[in-house]
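For reference, the structure is listed below as C-alpha cells.
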C-alpha cells in the first residue's frame, strides 16, 4: 500500500474540526441565480487560519495615506495617496519609479485623491481614472477625471463626471470597472443624509457611468444613479456570478456601528438614513449582514475571492472575510497592523493591503503607511499530500455541509498575467483538488453529480491508499457515474485531471 505523507503535520487533525473549511458549490460555473441571502447581525468569529510570519510581508513603506492599489503590469503597481500624489512602484526591485502630483486635489478631512481604476483596454489606450476632491467656484466637489499613462508620464485627458457633492466627511470614492464595461462609482452623502434618498443627487449613491462619461441607456432613473440610500460606501466587488456587492459605513459619533455589507441591485434603495441594521421598510433593502450596534468595522475596500468577500476595516483594524456559502463572518489580523484601507489581488494571487495609520485617526508606527503582501491561503484550510510521488495542494471539504452541493469546480491557476481591470479575482481556484474527511462515519461510494471537470479519485483509509478510480465530468458526459471503493474508507481525495 502506498503511504500518504502529510507535509504539514501540524494540520493533520486541525482541519477535521475547523470551521473555516473551504466551500465549493455549483454556482461557481453554473450561473445559478438563487440569491438566498437574509439579513444577519455580525457574529464575531476570529479566523483560525494560519498566520505564520512567512505568509505576509511589508513590501513598501513610508507612504502617506494610500487609498487605492492597482496593478498596471505584472510587477508594477499604481498607488494613490490621499494628499494628492499618484505613485508607481516596481515590485520586483521594490523601488519607486515615478510620482505625480495631481493638479487641483483638495486634501481636506476625508477628502482628497481617493479611488483609481484602469480601463478594461488599458494595454491599448492607457486610460487611468481618478476620483478626487477639488474646489470649484469656492465650493468643494468630487470629480472623476480620465488620464493617460504612457511611458511613465501621466497626462490629464478629460473630466468624466463632475459636481459630485463633497465635504470634510463621507466622500465615498471607490471606482471600479464592472463586467459590463461601465465604470461604477461609490459616493458618500457628504455629511447631508438627505442626499442619499434624493435620486437626483449624485451623493450617497452607487453610480454607473460609461467609460467616456456618458449615461448608460439602461440606467434605472435616466441619470448616473444605479442604486441609492447609501451613506458612505468605499468598496465594491463582483462575485463569480457577476453580482455586485458593496460595503457601507454605518452611523458614527456616540452611536456608531451598524456598518453594512449589501448585495446591490439596479434601482434599489438601501435605506440610509431611514432604516439601519435589521430594520425594514417597504421599498428599501436590508443589508445581507451588518456589524451590530456595538461593533464598528469602518469598512474601506472590498474584493471577492474563492466564494468569499474580503474587506478591510479602518476602525475595525482587521481584514474581514464573509463566507458566501456558510454566511459567516471571520476576522483576521485584528489590531496587528492598525487601520487597514486598500485591498486588491495581484497577478501572483496574493492580497495587497495598505495601512492607513497616518490619516489622523490612527497611531503610526515605524514605516507607516505600508503595503502588505499576504498569502490568501491563510484564510482557508488547505493541506499538502503526497500521492504517486507528487505533492498536491488540497482544500478540505466541510463535510457533510458541502457534500450536497455538487463539488469540484476548482481549476489550477497559471502563471500568465491576468487582466485586473474588472477587479474580479482572476484566480478563483488555486488548488489541485479536494480532501473529504469522514470522522464520524465511513463511505464507499462517490459520484459526479454537477462536476465540471474530470477527477482522479483516491480511496484512503488509515492514511493508506487502498484504491484509485477515474470519475468523468458530468458537464462532459451528461451522465451520473458512481465509483465504489474496494472497502469503506474514512477519507477521499479528488484530483483534477
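Read-outs throughout are calculated quantities, based only on the coordinates presented, and are distinct from any laboratory measurement. Here the structure is a predicted model, which means the values were calculated and not measured. Glycine gets a Cβ as well: all are built from the backbone with ideal geometry, and neighbour counts include every protein chain shown.
I'd like the FRET efficiency for residue 193 and residue 158, computed as 1/(1 + (r/R0)^6) with the beta carbon distance as r and R0 of 41 Å, rounded to 0.05.
0.80
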Full extension between residue 293 and residue 241 adds, at 0.36 nm per residue less the Cα distance, a length in nm of 15.6 nm
If I model segment 27-379 as equal point scatterers sitting on the Cα atoms and use the Debye formula, what is log10 I(q)/I(0) at q = 0.06, 0.11 Å⁻¹? -0.19, -0.67
Calculate the spin-label point distance for residue 388 paired with residue 180, positioning each point 7 Å from the Cα along the beta-carbon direction, and give it in nanometres. 4.6 nm
At a Förster radius of 45 Å, what calculated FRET efficiency corresponds to the Cβ-Cβ distance of residue 466 and residue 57, to the nearest 0.05? 0.60
With 0.36 nm assigned to each residue of separation and the Cα-Cα distance removed, residue 125 to residue 200 gains 23.8 nm
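For residue 212 and residue 96 in the same chain, what is the full-extension length gain: residue separation times 0.36 nm, less their Cα-Cα distance, in nm?
38.7 nm
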Rounded to the nearest 5, what % of DSSP beta bridges with both residues in segment 130-259 are antiparallel? 100 percent
Distance between modelled label sites at residue 255 and residue 221, nm, 7 Å Cα→Cβ extension: 2.5 nm
